[in-house]
Amino acid sequence: MNLPDRKGHFGEFGGKFVPETLMAALSDLEKVFYSLKSNKKFKAEFDFYLKEYAGRPTGLYHAKRLSAHLKRLKVYLKREDLLHTGAHKINNTLGQLLVARRMGKTRVIAETGAGQHGVATATAAALFNVQCDIYMGEEDIARQSLNVFRMRLLGAKVIPVKTGSKTLKDAMNEAMRDWVTNVHDTFYVIGTVAGPHPYPLMVREFQSVIGREARKQFITKENKLPDYLLACIGGGSNAMGLFYNFFNDKNVRMIGVEAAGLGLNTQKHAASLNKGEIGVLHGSKSSILQDSDGQIKIAHSIAAGLDYPGVGPEHAYYKKIGRAQYVCVTDQEAIAGLKLLSQTEGIIPALETAHAIAYLGKLAKRVRKNSSVIVCLSGRGDKDVTSIKDLV
């Protein structure tokens, strides 16, 4: 697939909807990134840090006890939780920091919800000796205190965001405002496949290592392709990282799992693809949660990393053309999923990942026996222990 086009469009989605002050910066970033995409020296440097620093390749683990529990599904886990910093986010931040260095930027900023992207950005910034400021909603700071400590320990400044819902959407708003003001020396490290072009493309490219590895590993183990791919969806970077390299394999069905929060019939969910409408958020046209006046709704999920009222434009495109299916899991179902993986495989997943684990039970009821699935185990659950210890 050759999308996005040169203007950043995935069909009708994507694009570049930003203040005029950012257009030059985005054009510069676009030129640099396209030149580096095919630059052998850059690719070799990126691969070096992925392997020698982050810990790639990650394993593709056959979860035998979980599979036996589900009865009809053979489950493989793509173990992104085993990467340095504990999640897939480091794939992207290493790539973007290398781009920032090539552009001569002396400062990086980022937004974070669950804190994993913040930690990964702070980690890469420390590695490359770059000043780092992280915007994080006050509510997320309270429920992700471990990751806040980790960011500060790594030398980053964590800036509390006290506006709006005090979560990921508002952190991204503040980061965008900062970038507009300091665009000459600052690089904005966006954590997901959202934002204005070229960010959805750039983040997908850096995360696509997940699917490239998983494809080869599965063929080696099973001598065929999987029947299903499964991943949680907030902005959608871990899912797109897994999905992209299987796009042309029409017999491989892709399923993204959104956060239903307290239920789709309430106002407390983050199901942008299932309950959203087409609109513009943070510089990109996609499916978003908005009211009849076009105002952005407050999203809700027990998982801070899914607590976002939008989704990457490539996912909106996949849904429109029917290439991927997008389903929902509630807070309580996610907690049950976290317990299930913990007690069958001895792996405590992040609450975000637990949404995908929870959906396995529903999937197992409708597939033929011995169907296979790769689940992107996008992160580990250390960060969530404090916030959920009274709920499990």
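Let me confirm something: among Phe187, Phe149, which residue is more than 13 Å from Ile134 (Cβ to Cβ) and aromatic (Phe, Trp, Tyr)? Don't jump to the end; show me each part of the working.
On the way: Phe149 fails: more than 13 Å from Ile134 (Cβ to Cβ).
Matching residue, one of Phe187, Phe149: Phe187.
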Can you confirm whether Lys389 is out of contact with any strand residue (DSSP E or B) (no Cβ under 7 Å at 6 or more places or on another chain), modelled with pLDDT under 95, buried (at least 20 other Cβ atoms within 10 Å of the Cβ) and under 17 Å from Arg143 (Cα atoms)?
no
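So that you can scan it fast, the table gives a plain yes or no per residue for (1) free of Cβ contacts under 8 Å to residues at least 12 places away in the same chain; (2) of a type in the set (A, V, I, L, M, F, W, C); (3) open to solvent by less than 50 Å² (accessible area, probe 1.4 Å); (4) in a helix (DSSP H, G or I):
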position: Leu3; (1), (2), (3), (4): no, yes, yes, no
position: Lys7; (1), (2), (3), (4): no, no, no, no
position: Val18; (1), (2), (3), (4): no, yes, yes, no
position: Thr21; (1), (2), (3), (4): no, no, no, yes
position: Ala25; (1), (2), (3), (4): no, yes, yes, yes
position: Asp28; (1), (2), (3), (4): no, no, no, yes
position: Lys31; (1), (2), (3), (4): yes, no, no, yes
position: Phe42; (1), (2), (3), (4): no, yes, yes, yes
position: Phe48; (1), (2), (3), (4): yes, yes, no, yes
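With the structure loaded, tell me whether Lys74 is open to solvent by 10 Å² or more (accessible area, probe 1.4 Å), part of a strand (DSSP E or B) and among the charged types (D, E, K, R) or whether it fails that test.
Details: open to solvent by 10 Å² or more (accessible area, probe 1.4 Å): yes; part of a strand (DSSP E or B): yes; among the charged types (D, E, K, R): yes.
In short, yes.
Is it fair to say His84 is open to solvent by 30 Å² or more (accessible area, probe 1.4 Å) and either free of Cβ contacts under 8 Å to residues at least 12 places away in the same chain or more than 22 Å from the chain's Cα centre (by Cα) (or both)? Break it down into steps so the answer makes sense when it comes.
Working: open to solvent by 30 Å² or more (accessible area, probe 1.4 Å): yes; either free of Cβ contacts under 8 Å to residues at least 12 places away in the same chain or more than 22 Å from the chain's Cα centre (by Cα) (or both): no.
In short, no.
The values are calculated or read from the model by the stated rules, or taken from the named source; none is laboratory data. Here the structure is a predicted model, which means the values were calculated and not measured. Cβ atoms come from the backbone with ideal geometry, glycine included; neighbour counts cover every protein chain shown. Heads up: the accessible areas ignore ligands, DNA and RNA and are worked out on the full protein's heavy atoms, side chains in. Shrake-Rupley method; radii C 1.70, N 1.55, O 1.52, S 1.80 Å.
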